[in-house]
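Trainee: I am attaching a structure below and will ask some questions about it afterwards.
The values are calculated or read from the model by the stated rules, or taken from the named source; none is laboratory data. From a predicted model like this one, the values you see are computed outputs, not experimental measurements. Please note: Cβ atoms are built from the backbone with ideal geometry, for glycine as well, and neighbour counts cover all protein chains shown. These accessible areas exclude ligands, DNA and RNA; they are computed on the full protein's heavy atoms, side chains included. Shrake-Rupley method; radii C 1.70, N 1.55, O 1.52, S 1.80 Å.
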Amino acid sequence: MTPTDSNMMVVREQTPSEALAIVPIQFFVPASQQTTTDADFEPTPMLQIEGVRETIPETPKQLQETTPKLPPAPTKIHPDAEDAAALLMMARTASYVPKIDPGMPSFSLGLTDSSQEGASTQETEREKSPETATMLEQLDSLVQKLASSASKGKDESPQIQRETGGESSAKFETPGGINQIPDDMKQKCYIWGTRLKEDAKGNTDEYEEICTLIGQGEYILMRTHLASLQAKSDIESQIVSAICLILNQKKEKRFQAQIYCLLPDIVSMALSDHPRGEFISPKMNKEFRVEAYPSFIHFIDRKKLSSHPYIFAPVCHSGHWWLWLINTRKRKCQILDPLHKKAPSDERKDINKFTGYVFSRLITYAGGKPLEKGEKEKEIKAPYVKISGQKTSYDCAIYVMKWLELMELENIKKGKYEWDNWTQEEVDHYRVEYASRILFSEMNKQRDRAIRESSAIRLSKPSSVLLSPFCQINSADIETG
């Protein structure tokens, strides 16, 4: 081995394909500094970068230049993050000086001769050649420019940094709202919100309060509610109520002037007291009265309930969800059921009559006109709309929540609604979406904590794959145990 061969180190280069390559970097020493001879020369060991387990000897090459040259500037307008990372690694490696182990010669980019092996690291840093210092400065500058250029790409979503609460929240204050949240952050949020932890005694954190929506009062969600968004699970009523609250606050004409989403809480409580649709409760021997449910009254926006021309009201009974569409101007009602094209039983018919009566009483309580007058209020009819729906036994709530957002009443013709149903993969994906829509909502008083603790989660999949338009994360792809 010649002296020129010893002035070499091995670094790891990260290529766009993310494979590892061994790249030799040579440094050339002016003749004035070459004081050793072939006879007494002790080669300096090659520097091994972490992750490279074997040192691959390189074939000696002839000296052709005396000044190192920078690699050519990239031609991409928005270079990949891998390119910037590779250059940054090169720059840091070039300035790296390892600790001096006992009995091991020092290694420095100043390339001191063998008589200076005992010199300290600080002294070695000061003795770098001007050419090397210039190269490091230029590399650092280039890496910063590349990183800055990549972060300004017009098609990329803003990344969430690990920041304190207030700073993290500012990242989401964008016109695009939920659409600006990167997919990998949605997955992190889903994992954080739906995963139940168990301590050594077998106790879980299922009753931990992790979301407080500020709307018509404080609506509190516990971790067990978010956990119902896990794959193949029946979704809790509180999740549907949370989506209703969030939609009612959206700054869109659809929800500010046309449609009011009625929370299902009072109807669910009423059905628990009137389980078969009886107008006289078998539990309390009383008729339904809105005032009997004071804990949920303050979540009703009376102004919107009495003034909006349409009311969308989710209903859940015996674990199944369906949606009432109420036209308050024409006093007509329709039912969208993701599983049935008509009432599946006489009991369901009785439940629908009782439910219509509850809606009419709620509208009247808010200051609007009843859907029917007198005894006819207990005979409200609501025909079923024929529509494509769920393919499983547990996705009815997903369909109801999506219909709250998307359903256009003018497209219902002759009791039929034509549309392209979602694939099962899309339905599974909505479970991931709804977790972040709730926890990252500006209405959530604990939003900063959700952002901070979601950001701390490490994903098993690379973020570059998650952000690909060809990659869609489904709830079944995510382990939350």
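Trainee: Pairs under 6 Å by beta carbon, first residue without any contact (Cβ under 8 Å) to a residue 24 or more places away in the chain in the stretch 342-363, partner open to solvent by less than 70 Å² (accessible area, probe 1.4 Å) and assigned to a helix (DSSP H, G or I), six or more apart or different chains?
Mentor: Hits for this filter: Ser360/Glu377.
Trainee: Next up: Look at the stretch 318-341 and say how many of its residues are free of Cβ contacts under 8 Å to residues at least 24 places away in the same chain and more than 21 Å from Lys303 (Cβ to Cβ).
Mentor: Initial filter on the stretch 318-341 (free of Cβ contacts under 8 Å to residues at least 24 places away in the same chain): 318, 329-330, 332.
Filter once more, so that each one left must be more than 21 Å from Lys303 (Cβ to Cβ): 318, 332.
Total meeting the criteria: 2.
Trainee: Let me ask something additional. If I go through the stretch 371-414 residue by residue, how many of them are under 25 Å from Gly277 (Cβ atoms), among the hydroxyl-bearing types (Ser, Thr, Tyr) and open to solvent by 30 Å² or more (accessible area, probe 1.4 Å)?
Mentor: 3
Trainee: Determine, yes or no, whether Cys244 is touching a residue at least 24 places away in the same chain (Cβ under 8 Å), open to solvent by less than 10 Å² (accessible area, probe 1.4 Å) and out of contact with any helix residue (DSSP H, G or I) (no Cβ under 6 Å at 6 or more places or on another chain).
Mentor: Numbers: touching a residue at least 24 places away in the same chain (Cβ under 8 Å): yes; open to solvent by less than 10 Å² (accessible area, probe 1.4 Å): yes; out of contact with any helix residue (DSSP H, G or I) (no Cβ under 6 Å at 6 or more places or on another chain): yes.
Spelling it out, Cys244 is indeed touching a residue at least 24 places away in the same chain (Cβ under 8 Å), open to solvent by less than 10 Å² (accessible area, probe 1.4 Å) and out of contact with any helix residue (DSSP H, G or I) (no Cβ under 6 Å at 6 or more places or on another chain).
Trainee: Moving on. Where in the stretch 291-366 are the helices (runs of 4 or more DSSP H), entirely inside, with at least 3 residues that are of a type outside the set (Lys, Arg) and crowded, with 16+ Cβ neighbours inside 10 Å? Don't jump to the end; show me each part of the working.
Mentor: Numbers: elements: 294-297, 302-307, 346-365.
Passing ranges, in order: 346-365.
Trainee: Consider Ala257 carefully, then state whether it is open to solvent by less than 50 Å² (accessible area, probe 1.4 Å), outside any strand (DSSP E or B) and either touching a Leu at 6+ places or on another chain (Cβ under 9 Å) or more than 17 Å from Tyr430 (Cβ to Cβ) (or both). Break it down into steps so the answer makes sense when it comes.
Mentor: Values: open to solvent by less than 50 Å² (accessible area, probe 1.4 Å): no; outside any strand (DSSP E or B): yes; either touching a Leu at 6+ places or on another chain (Cβ under 9 Å) or more than 17 Å from Tyr430 (Cβ to Cβ) (or both): yes.
No: the conditions fail for Ala257.
Trainee: Oh, and also: Could you please let me know if Pro282 is within 18 Å of Lys378 (Cβ to Cβ), without any contact (Cβ under 8 Å) to a residue 12 or more places away in the chain and open to solvent by less than 70 Å² (accessible area, probe 1.4 Å)?
Mentor: No.
Trainee: Would you mind telling me which numbered condition in (1) more than 22 Å from the chain's Cα centre (by Cα); (2) open to solvent by 40 Å² or more (accessible area, probe 1.4 Å) Tyr417 fails?
Mentor: The single condition Tyr417 does not satisfy is (2).
Trainee: Considering only the stretch 416-454, state which residues are without any contact (Cβ under 8 Å) to a residue 60 or more places away in the chain and assigned to a loop (DSSP other than H, G, I, E, B). Give the derivation first.
Mentor: At the first step, the residues of the stretch 416-454 found to be without any contact (Cβ under 8 Å) to a residue 60 or more places away in the chain are 416, 418-427, 429-430.
Selection gives Glu418, Trp419, Asp420, Asn421, Trp422, Thr423.
Trainee: Got at least one residue in the stretch 265-276 being of a type in the set (D, E, K, R) and either within 26 Å of Ile387 (Cβ to Cβ) or surrounded by 20 or more Cβ atoms within 10 Å (Cβ to Cβ) (or both)? Outline the logic, then answer.
Mentor: Taking the stretch 265-276 and keeping what is of a type in the set (D, E, K, R), we get 265, 273, 276.
Right, trim to either within 26 Å of Ile387 (Cβ to Cβ) or surrounded by 20 or more Cβ atoms within 10 Å (Cβ to Cβ) (or both) and you get 265.
Yes, because at least one residue in the stretch 265-276 is of a type in the set (D, E, K, R) and either within 26 Å of Ile387 (Cβ to Cβ) or surrounded by 20 or more Cβ atoms within 10 Å (Cβ to Cβ) (or both).
Trainee: Output yes when any residue across the stretch 306-313 is modelled with pLDDT of 95 or more and in contact with a Cys (Cβ under 6 Å, 6 or more places away or on another chain), and no when none is.
Mentor: Yes - at least one qualifying residue is present in the stretch 306-313.
Trainee: Among Tyr207, Tyr190, Tyr219, which is the only one that is at pLDDT 95 or above and open to solvent by 60 Å² or more (accessible area, probe 1.4 Å)? Before you say what the answer is, go through the steps one by one.
Mentor: On the way: Tyr190 fails: open to solvent by 60 Å² or more (accessible area, probe 1.4 Å); Tyr219 fails: open to solvent by 60 Å² or more (accessible area, probe 1.4 Å).
Selected residue: Tyr207, the only one of Tyr207, Tyr190, Tyr219 that is at pLDDT 95 or above and open to solvent by 60 Å² or more (accessible area, probe 1.4 Å).
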